[in-house]
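Written below as C-alpha cells is the structure these notes are about.
The values are calculated or read from the model by the stated rules, or taken from the named source; none is laboratory data. None of these values were measured; they are calculated from a predicted model. Cβ atoms come from the backbone with ideal geometry, glycine included; neighbour counts cover every protein chain shown. Side chains are part of the model used for accessible areas, which takes the heavy atoms of the whole protein and leaves out ligands, DNA and RNA. Shrake-Rupley method; radii C 1.70, N 1.55, O 1.52, S 1.80 Å.
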Amino acid sequence: MSQQLIFTNDVATQLDRLINAHTAGRVFVIADENTAHLVLPPLTSDCKYLADAKIITISAGDTNKNIETVAHVWKQLSDNGATRSSLVVNIGGGMVTDLGAFAAATFKRGLKFINVPTTLLAAVDASVGGKTGFNFNGLKNEIGLFREADAVIISTCFFNTLPVEELKSGYAEMLKHGFLTSADECNDLMSTDIMQIDTARMLTLLERSVKVKRDIVTQDPTEQGIRRALNLGHTAGHAFESFAMAQNRPIPHGYAVAHGLLVALILSHMKAELESSWLYKTASWIGNNYGTLPMTCDDYPTLLQYMSHDKKNDSPDRIAFTLITAPGDVRWGVIITPSDITAALDIYRDLLHM
C-alpha cells in the first residue's frame, strides 16, 4: 500500500501537515449533512487549511450513495474550478469515503484525495484499501474502481457523536478481522463490552484491526487472490443488506455483515470442519448485540438471487463464499450450492431462534 495511514486524535494538525505538503490549487471537502453540522465546524476552526476550502455537502444515508450524488459532486468540482492539482478531503462515514473517493478518482481522470473517517465502520473498513464506488440498480457497490487514498487519518475523537448502532456496525468488521487473525483475537473482541471501550483502547484495537486489512491488501491490491479473505461474511451480508433496502427498512452495513458472518461460519462448519462451538458462541454474541433480521424461508429465493449478483462470483450460477477452517485459517472462492446455502439459512434462523 502506498497510502499513508495515520493513527492520531490530533486530526487538525495532521490535516494541516498533509495539505501543506500537497502543492495543490484549491482544497475541496466532501461531507454529508450530518458531518457538515457536527464535525466540520470544530475541525475547520482548528485546521487553517480548511478555512478556505470549498465544502461540497451531500445528503446522508446509504440510499443517497448513487449516481445522482456522484454527478452532484462532479458538478460542484467543475463549477468551482477544480483542476488536476486540486485536493479532495473526504470527511465522514463509509458512504462519504466510498463515493467521495470515486468522484475524486474519476474527475479529470483523477484528483488526489485524503480520507478522514468519522465512524468506526469507515475507519476500520471503507476508508482503507482502495475500494471506491456507489450503489446501482438496487445492488450494493455495483459500480466502482480501485484507487487508494493518498492518506487516511484514523481517529477515535469523532466517535462520541455516533449513535450506538454506528459503533456496533464498525465493531462487526473488527470481529471479521479477528476471525481472519486468531482465536485469541476473536475471544478478546467478543469479551469486550463495545459500549465501555475508552478512546485510547479503541485506537489501539483499531490499529490492530486495520493492520490485518493493510497486510492483506498490500499482497493483493485488486482482489485477485488473498484479498478475497476480507469478504468473510459479506456474501450473505450484502444479500441481507440489499434485501432490507428493497423492503424499505435499511439496516447498517455492519449489522448485515455480523449476520452474514454467522452464515459464513455455519457454512464453514458444514464444508470446512470449523468447530461447532464457534457457531454457538458467535450466534449468542450476534443475537445479544445485533438482534435478528425479519425473514422467513419464503425469502430464501430472493436472498439467493442477491447472492448470485455478488461481485466475487465468476458467473451468476456459481456463488462464492469465504470460509474458515479455524480462526486465522481462511479459504476463499469456495463455491456453495443453493441447497447448502438454504440449509445454512435454516440453521442460522434456528441459532438465533427466529
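Scanning the chain for DSSP H helices at least 24 Å long along the axis (C-alpha atoms) with a Kyte-Doolittle mean no lower than 1.0 picks out 253-272.
Ignoring ligands, DNA and RNA, what percent of the 1.4 Å accessible area of the chain is carbon and sulfur? Don't skip to the answer; put the middle values down first.
Values: 7040 of 14410 Å².
About 49 percent, which is the carbon plus sulfur part of the accessible surface.
Farthest toward the positive end of the dipole of the chain, out of I347, F159, P301, is the Cα of F159, where the dipole comes from beta carbon charges about the Cα centre. All alpha carbon pair distances within segment 195-303 were sorted into 5 Å bins beginning at 0; the resulting P(r) in whole percents reads 2, 11, 15, 18, 21, 18, 11, 4, 1, 0. Under the convention that each Lys and Arg Cβ holds +1 and each Asp and Glu Cβ holds -1, the size of the dipole of segment 1-119 around its Cα centre is about 520 debye. Counting only DSSP beta bridges whose two residues both lie in segment 89-227, roughly 45 percent are antiparallel. Determine the distance separating the Cα centre of segment 110-136 from the Cα centre of segment 254-297; give it in Å without decimals. Result: 26 Å between the Cα centres. Spatially, segment 205-222 and segment 45-107 are offset by 25 Å when compared through their Cα centroids.
Qualifying trypsin sites (Lys or Arg not before Pro) in segment 92-166, where qualification requires a DSSP coil assignment and no more than 14 other C-beta atoms within 10 Å, are lacking entirely.
Find the relative contact order for the chain and round it to a whole percent, using C-alpha pairs within less than 8 Å whose residues are 6+ positions apart. Don't jump to the answer; show the numbers that get you there.
Details: 616 pairs, mean separation 50.6, N = 354.
RCO, the chain: 14 percent.
Once a ≥ b ≥ c are taken as the square roots of the eigenvalues of the Cα gyration tensor of segment 35-134, is the result rounded (a/c under 1.5), prolate (a/b larger than b/c) or oblate (a/b not larger than b/c)? Mind showing how you got there, number by number?
Numbers: a/c = 1.38, a/b = 1.02, b/c = 1.35.
Cα axes put segment 35-134 in the rounded bin.
Averaging sequence separations of C-alpha pairs under 8 Å and six or more residues apart, then dividing by the length of segment 97-250, give the relative contact order as a whole percent. After rounding, I find 23 percent.
The residues of the chain have, on average, 41 Å² of accessible surface per residue, using a 1.4 Å probe with all protein chains present.
How long are the semi-axes of the equivalent ellipsoid of the chain, taking √(5λ) for every eigenvalue λ of the Cα gyration tensor, in whole Å from largest down?
Numbers: eigenvalues 237, 92, 65 Å².
Equivalent ellipsoid semi-axes, largest first: 34, 21, 18 Å.
Relative to the Cα centre, the charge distribution of the chain, modelled as +1 at Lys and Arg Cβ and -1 at Asp and Glu Cβ, gives a dipole magnitude of about 1020 debye.
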